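Trainee: Have a look at this one before I ask anything.
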Amino acid sequence: MTDDLLTDITDGVGTITFNRPDKLNALSPAIVEGLIDVTHRFEHDPAVRCVLIRGAGDTFMAGGDVEGFKRSLTEDRDAHLAGMERRVVTGHLAIHRLRRMPKPVITAVQGGAVGFGFSMVAAADMAIAGENAFLMLAYRHVGLTADGGISYFLPRIVGERRAIEILMMGERIPAAKALDWGLVNWVVPDAELQDRALAMARKLAAGPTRALGGAKRLVRTALENSWDEQSAREAESIAEMIATDDHLEGVDAFLEKRKPVFRGS
């Protein structure tokens with residue numbers, strides 16, 4: 001990958017690490033381009049059965065690189081303005097791939113998850129946060145509206161009124177409140193965060209990957225579907241899973257009173 005974005009595949013877990021700790025992992029063009037590449041690779045690599053997203057150092061992601069914005073505006077304002085929409089659309093492609101990926105995606109949030117970092121947390125299937133972590137949408141503080149798909153995710157997670165509050169007030173959401181609002185699934189001591197996140201990712205990677213991906217697909221489409229459409233999707237999905245090797249292994253393990261060994265097929 002690039003120096004700004006590190007990747008690793010071990011024990012079925014594909015790890016993505018934002019690696020600009022000196023800049024609080026602020027979003028850079030290299031990170032965006034790297035995300036486009038790695039989300040495509042991880043989606044299609046059978047060796048990856050769960051994706052874990054984390055940040056190097058003490059911060060998950062500090063959002064956009066405001067210093068870089070200022071430099072670009074000063075050096076070539078017209079080019080910066082012309083390129084902004086393209087950069088946002090490119091970032092959205094990475095978010096889209098995480099959402100559609102037929103594998104579990106987890107974020108491990110230490111320090112701040114701000115701006116696009118907040119969007120990464122919201123786009124993931126599950127999130128675990130350190131006790132001193134926080135989420136924040138700071139766009140209003142620099143006179144911008146949000147990106148990263150957060151205006152789509154937030155109303156679905158916290159409701160319309162609270163979503164507008166988060167966007168308009170631009171305040172920090174501490175980990176405990178984020179847990180209460182359903183923005184993260186677990187809050188753990190900071191010192192335990194990375195180990196707990198990795199253990200969770202390994203557990204999911206050892207699971208029936210196609211069934212987990214199918215469950216994700218069903219939930220992702222549920223709010224847009226009618227009862228008739230969704231019930232039909234459920235019937236189609238379970239029929240598909242019955243034909244998998246992992247289903248057969250699960251049945252055999254149940255009858256033999258042993259732990260199943262899923263292969264992700």
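The values are calculated or read from the model by the stated rules, or taken from the named source; none is laboratory data. Everything numeric here is computed off the predicted structure, so don't read it as measured data. Positions of Cβ are generated from backbone atoms using ideal geometry, with glycine treated the same way; all protein chains shown enter the neighbour counts. Each accessible area value is taken on the protein alone, full model and side chains, heavy atoms only, with ligands, DNA and RNA left out. Shrake-Rupley method; radii C 1.70, N 1.55, O 1.52, S 1.80 Å.
Trainee: Roughly what % antiparallel, to the nearest 5, for the DSSP beta bridges in the chain?
Mentor: Close to 30 percent.
Trainee: Hey, what D do you get for segment 136-186 in µm²/s if you plug the Kirkwood alpha-carbon radius into Stokes-Einstein at 25 °C and 0.890 mPa s?
Mentor: After rounding, the answer is 219 µm²/s.
Trainee: Have a look at G64, G264, T39 and report the one farthest towards the positive end of the charge dipole of the chain, computed about the Cα centre with Cβ charges (Lys/Arg +1, Asp/Glu -1).
Mentor: Selected residue: G264.
Trainee: Compute the angle between helix 160-169 and the longest alpha-carbon principal axis of the chain, please, reported from 0 to 90 degrees and rounded to the nearest 10.
Mentor: With rounding to tens, the tilt is 30 degrees.
Trainee: Hey, another quick one. How much accessible area does I238 have with a 1.4 Å probe, in Å² rounded to the nearest 10?
Mentor: Around 110 Å² of this residue is reachable by solvent.
Trainee: Related question: If you look for lysine pairs in the chain that are eight or more places apart or on different chains, how many of them have Cα atoms under 22 Å apart?
Mentor: Taking the Cα cut-off of 22 Å, the pair count is 7.
Trainee: With every protein chain present, what accessible area does L198 have (1.4 Å probe, heavy atoms only), rounded to the nearest 10 Å²?
Mentor: The accessible area of L198 comes to roughly 50 Å².
Trainee: Over all distinct Cα pairs, what is the inverse of the mean 1/r for the chain, reported as the Kirkwood hydrodynamic radius in Å?
Mentor: So the Kirkwood estimate lands at 19.5 Å.
Trainee: Let me check something: with ligands and nucleic acids excluded, how do D228, D147 order by accessible area (1.4 Å probe), largest to smallest?
Mentor: Sorted by accessible area, descending: D228, D147.
Trainee: Using a 1.4 Å probe and ignoring any ligands, DNA or RNA, find the accessible area of K216 and quote it in Å² to the nearest 10.
Mentor: Approximately 20 Å² for this residue.
Trainee: Further question on the same structure: Would you mind working out the magnitude of the charge dipole of segment 1-58 relative to its Cα centre, with +1 at each Lys and Arg C-beta and -1 at each Asp and Glu C-beta, to the nearest 20 Debye?
Mentor: It works out to roughly 120 debye.
Trainee: Further question: Quote the relative contact order of segment 113-229 in percent (integer), defining contacts as alpha-carbon pairs under 8 Å separated by 6+ residues.
Mentor: Over segment 113-229, the number comes to 31 percent.
Trainee: Let me ask something else. Would you mind checking the tilt of helix 193-205 against the longest principal axis of the Cα atoms of the chain, expressed as 0 to 90 degrees and rounded to 10?
Mentor: Rounded to the nearest ten degrees, it is 40.
Trainee: What percent do you get for the relative contact order of segment 104-176 when only Cα pairs under 8 Å and 6+ apart count?
Mentor: Once divided by the residue count of segment 104-176, the mean separation gives 35 percent.
Trainee: For n ≥ 4 DSSP H runs only, could you compute -39500 (n - 2.57) per run for the chain, divide by its residues and tell me the 222 nm figure to the nearest 500?
Mentor: The per-residue figure over the chain is -16000 deg cm²/dmol.
Trainee: Follow-up. Bins of 10 Å, beginning at zero and ending with the bin holding the largest distance: percent of Cα pairs per bin for segment 217-265, please.
Mentor: 25, 35, 28, 12, 0
Trainee: Of G143, L193, G115, which is farthest along the charge dipole of the chain in the positive direction, counting Lys and Arg as +1 and Asp and Glu as -1 at C-beta?
Mentor: Of the listed residues, the answer is L193.
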